[in-house]
1. For segment 132-179, with only Lys/Arg (+1) and Asp/Glu (-1) charged at the beta-carbon, what is the dipole magnitude about the Cα centre, in debye rounded to 20?
2. Can you compute the helix-only [θ] at 222 nm over the chain? Use -39500 (n - 2.57) per DSSP H run of at least 4 residues, normalise by all residues, nearest 500 deg cm²/dmol.
3. Note down the Stokes-Einstein diffusion coefficient of segment 104-236 in µm²/s, whole number, using a Kirkwood radius over alpha carbon pairs, 25 °C, and 0.890 mPa s.
4. Using only the alpha carbons, work out the radius of gyration and Dmax of the chain in angstrom.
5. Could you state the accessible area per residue of the chain in Å², with a 1.4 Å probe and every protein chain left in place?
6. So for each of 239-249, 35-45 I average, over its residues, the number of other beta carbons within 10 Å; can you give me the resulting order with the highest mean first?
7. Keeping all protein chains in place and using 1.4 angstrom, which order do R255, R284 fall into by accessible surface area, from largest down?
8. For segment 183-315, build the convex hull from the C-alpha positions and give me its volume per residue in Å³.
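The values are calculated or read from the model by the stated rules, or taken from the named source; none is laboratory data. Values in this document were obtained by computation on a predicted structure and should not be read as measured data. So basically every Cβ, Gly included, is an ideal-geometry build from the backbone, and we count neighbours across all protein chains shown. Each accessible area value is taken on the protein alone, full model and side chains, heavy atoms only, with ligands, DNA and RNA left out. Shrake-Rupley method; radii C 1.70, N 1.55, O 1.52, S 1.80 Å.
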Amino acid sequence: MSATQTLARRQTDEVSAGFHQSWFPLALGSDLGAGQVIGRDVLGTRVVCYRDAAGRAVVQAAYCPHLGADLSVGQVVDGQIRCAYHHWRFDCAGRCVDIPAGDKIPPGARIPTYPSAEAWGLIWAFNGEAPNFAVPGIPGAEERELIYETHFRGTRPSDPWVSTSNGVDFQHLRTLHGLPVIDPDAVTVGEHSIEYRIESPVVVQEGRITGVNTFSQHLAVGDQHMFMLFSGAPIAHGHTLGFYVYGVRDTGQGRAGAAERLAELGAFVRQLIAEDAPVLDTIRFRPRVLVVSDRHLARFLKYVREFPRALPPDA
């Protein structure tokens with residue numbers, strides 16, 4: 001079998017296996033107000049995000065089981081999603097609870113509901129019946145301890161794990177970004193995460209990959225502590241929706257007291273993203289010839305290949 005045929009078979013197998021069972025960011029929490037509905041193309045299908053009567057984020061399949069209308073053009077009524085076409089209404093578990101025409105509700109009148117969460121200013125959904133691990137965090141701090149900002153990065157023509165590989169590609173930090181980074185002696189590969197810690201006289205770096213699509217890190221330079229999180233969700237195979245978060249410790253002076261530190265960190269993060277963009281927006285990621293310096297990247301690629309996958313519930 002030729003290299004081209006092998007690659008084609010691998011790509012076909014990947015599509016049939018579905019998507020990684022990971023937590024995926026879908027939207028900014030600030031964009032999802034009470035009574036609002038957001039539609040997102042993700043995991044090769046489409047979902048809707050809205051808030052229930054208590055304000056919690058709900059993520060469900062977007063297509064009404066009646067005739068397939070897109071529920072993102074519907075309305076939220078009493079914390080439940082209502083189809084714009086015939087006003088079939090579904091509760092937060094996906095069950096149809098009302099058909100205005102008066103018909104008996106069929107047992108199959110349901111929409112799949114994803115495990116969901118709200119953290120770091122993002123609405124997350126898990127690809128699976130139940131989460132296998134917690135929503136991604138940032139090493140060295142809890143969310144309540146930080147003052148942070150969350151932003152939409154845009155879309156990218158590659159799978160989310162390609163960008164995440166940057167987290168263990170220490171060569172590129174020196175060559176592309178010009179950072180004086182020291183390779184860690186080892187990375188710890190767990191069932192659902194990869195972690196490492198680098199210490200030098202002036203810098204401490206803690207890095208963590210959660211699932212296959214989220215990289216977060218804590219950088220300490222002297223008495224300055226910086227926290228970052230980069231994550232993406234697959235719109236379809238080979239196409240990603242991206243977000244990023246950056247924050248600083250809350251010293252008790254509130255957002256105003258952190259404004260200067262936050263602005264400096266934001267400029268640094270946006271510079272990293274801008275330097276990566278010309279490469280990651282055009283890359284045809286085909287690892288063929290790896291060297292010793294790629295040892296941590298090679299472990300990540302093996303971890304990605306072996307990570308559990310599943311088809312989304314309405315595939």
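1. 200 debye
2. Computed mean residue ellipticity for the chain: -6500 deg cm²/dmol.
3. Calculated translational D: 146 µm²/s.
4. 21.2, 72
5. Averaged over the residues of the chain, the accessible area is 48 Å².
6. Descending mean neighbour count gives 239-249, 35-45.
7. Largest accessible area first, the list is R284, R255.
8. 162 Å³
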